[in-house]
Amino acid sequence: MLEEKIFISHGDIILDKIYDDNFNLLKQDGGGCNWNDLYNLSLMGEKCYAIGSKGNDKEGNIAVQSLVNANINTDYIITENKETNIMNIIIPNTKLEDNSIIHSWYSPTTLKFTMNFSENLPTELPKELENKHIYVILDKFQPVNLKFIQSLKNNYTICLDIGHIRFFEHFTRQYLTSFLSMAKFVQLNDTVIDLLFERFGVKDEIEFFNLFNFDLLILTKGKKGARYIFKENNRIQIIDKSPKVIADIVDSSGAGDAFFSKTLQQYAYAENINTEFINKTFELANKLSRDVISQVGSRIINKN
């Protein structure tokens with residue numbers, strides 16, 4: 001019998017507000033890379049828990065309800081007397097390139113700052129999960145996130161989805177090492193590698209992989225595919241994979257999250273990380289990414 005896997009994420013609840021480039025609101029839904037990952041995994045049939053904080057407002061209610069609708073356990077999301085964090089996404093009315101969508105911490109209509117991270121998140125694993133195999137998804141490096149993962153006692157796997165410079169650029173190498181030294185599966189976006197590698201004094205992803213001895217390191221490169229770094233028979237292997245079909249992009253916001261969530265699901269149940277695993281996983285993850293970028297919104301479609 002397969003061991004039950006539990007996927008959790010820890011952090012501030014985020015609402016995505018999606019606008020066209022005339023600032024007309026097209027859609028609002030739960031967002032945030034880590035929450036998108038969790039949402040996708042739950043719709044794939046995995047057991048998922050959200051641990052975090054929302055504001056005492058309608059935006060927080062909308063974002064949490066989206067997780068509930070995906071059958072994610074939200075019992076451990078606290079409500080604080082603050083505004084829920086909002087990511088403002090502006091999609092231009094032109095043919096999209098990988099980096100043409102704007103993700104802003106400021107409202108395009110009011111110019112108000114809309115992201116304020118909480119330091120009051122729950123920092124202990126719920127007792128009902130203490131003896132389960134936990135996969136923890138993080139995309140941010142706040143001190144309260146570190147306190148949470150350092151409280152975990154056994155049978156856990158830390159998985160990092162690093163897609164935005166803004167979430168680590170202000171932290172020191174020593175501080176970031178506290179997260180990366182605990183991680184086993186890491187996905188990097190190609191927009192973050194220059195600063196991240198500079199911060200750690202490494203010249204490339206091979207040195208970065210060796211520095212932390214990950215199980216699997218993935219560098220995603222948008223339309224150009226992905227690079228996988230792993231060990232097979234105790235030797236470092238590098239595999240570059242390119243998609244055979246490039247989808248027409250409607251909204252690329254969730255491409256990396258879809259890729260990460262499908263890869264994480266495959267990783268969690270894999271007996272070995274090898275070339276066969278990479279080939280199979282890339283095809284599955286790339287297909288899910290294509291599905292997501294052909295629609296407005298950053299999550300796979302909930303057909304329920």
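The values are calculated or read from the model by the stated rules, or taken from the named source; none is laboratory data. In this text, all values refer to a predicted model and were calculated from it rather than measured experimentally. Cβ coordinates were reconstructed from backbone atoms using ideal geometry, including for glycine residues, and neighbour counts include every protein chain displayed.
Restricting the range 88-99 to residues that are surrounded by fewer than 18 Cβ atoms within 10 Å (Cβ to Cβ) and within 20 Å of the chain's Cα centre (by Cα), the residue that is modelled with the highest pLDDT is ASN99.
Within the range 140-199, the set of residues being in contact with an Asp or Glu (Cβ under 7 Å, 6 or more places away or on another chain) and of a type in the set (S, T, N, Q) comprises SER151, GLN187. So in the range 253-304, with the set limited to residues that are at pLDDT below 90 and touching a Cys at 6+ places or on another chain (Cβ under 8 Å), which one is farthest from THR157 (Cα to Cα)? In this case the residue turns out to be GLY256. Out of LYS27, LYS54, one residue alone is modelled with pLDDT of 95 or more and either in contact with a Ser or Thr (Cβ under 7 Å, 6 or more places away or on another chain) or within 21 Å of ALA255 (Cα to Cα) (or both). It is LYS54. Of all residues assigned to the range 68-80, at least one qualifies as being surrounded by fewer than 24 Cβ atoms within 10 Å (Cβ to Cβ), closer than 29 Å to LEU188 by Cβ and of a type in the set (Phe, Trp, Tyr). Scanning the range 124-148 for residues that are at pLDDT below 95 and touching a Ser or Thr at 6+ places or on another chain (Cβ under 6 Å) gives a single hit, GLU124. The condition (being touching a strand residue (DSSP E or B) at 6+ places or on another chain (Cβ under 7 Å), among the aromatic types (Phe, Trp, Tyr) and touching a residue at least 24 places away in the same chain (Cβ under 8 Å)) is satisfied by just one residue among PHE148, PHE167, PHE171: PHE148. When restricted to residues that are buried (at least 16 other Cβ atoms within 10 Å of the Cβ) and either in contact with a Cys (Cβ under 7 Å, 6 or more places away or on another chain) or closer than 23 Å to HIS103 by Cα (or both), the range 165-182 contains 3. Looking across the range 1-25 at every residue that is surrounded by fewer than 23 Cβ atoms within 10 Å (Cβ to Cβ) and among the aromatic types (Phe, Trp, Tyr), the one that is nearest to GLU46 (Cα to Cα) is identified as TYR19. Taking residues in the range 61-82 that are within 16 Å of CYS48 (Cα to Cα) and among the small types (Gly, Ala, Ser), and partners anywhere that are at pLDDT below 95 and exposed (fewer than 15 other Cβ atoms within 10 Å of the Cβ), the pairs with Cβ atoms closer than 8 Å and at least 6 places apart or on different chains are ALA70/ASN302.
In the range 120-149, which residues are in a helix (DSSP H, G or I) and either touching a Leu at 6+ places or on another chain (Cβ under 9 Å) or hydrophobic (A, V, I, L, M, F, W, C) (or both)? So that I can check it myself, show each step before the final result.
Of all residues in the range 120-149, those in a helix (DSSP H, G or I) come to 127-129, 143-149.
The answer is LEU129, VAL144, ASN145, LEU146, LYS147, PHE148, ILE149.
Looking at the structure I just gave you, is THR177 among the hydroxyl-bearing types (Ser, Thr, Tyr), at pLDDT 95 or above and over 19 Å from the mean Cα position of the chain (by Cα)? Criteria not met by THR177.
Per-residue answers, yes or no, for (1) more than 29 Å from GLY225 (Cα to Cα); (2) under 19 Å from the mean Cα position of the chain (by Cα); (3) surrounded by fewer than 17 Cβ atoms within 10 Å (Cβ to Cβ):
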position: LEU111; (1), (2), (3): yes, no, yes
position: SER118; (1), (2), (3): yes, yes, no
position: ILE134; (1), (2), (3): no, yes, no
position: LEU138; (1), (2), (3): no, yes, no
position: PRO143; (1), (2), (3): yes, yes, yes
position: SER151; (1), (2), (3): yes, no, yes
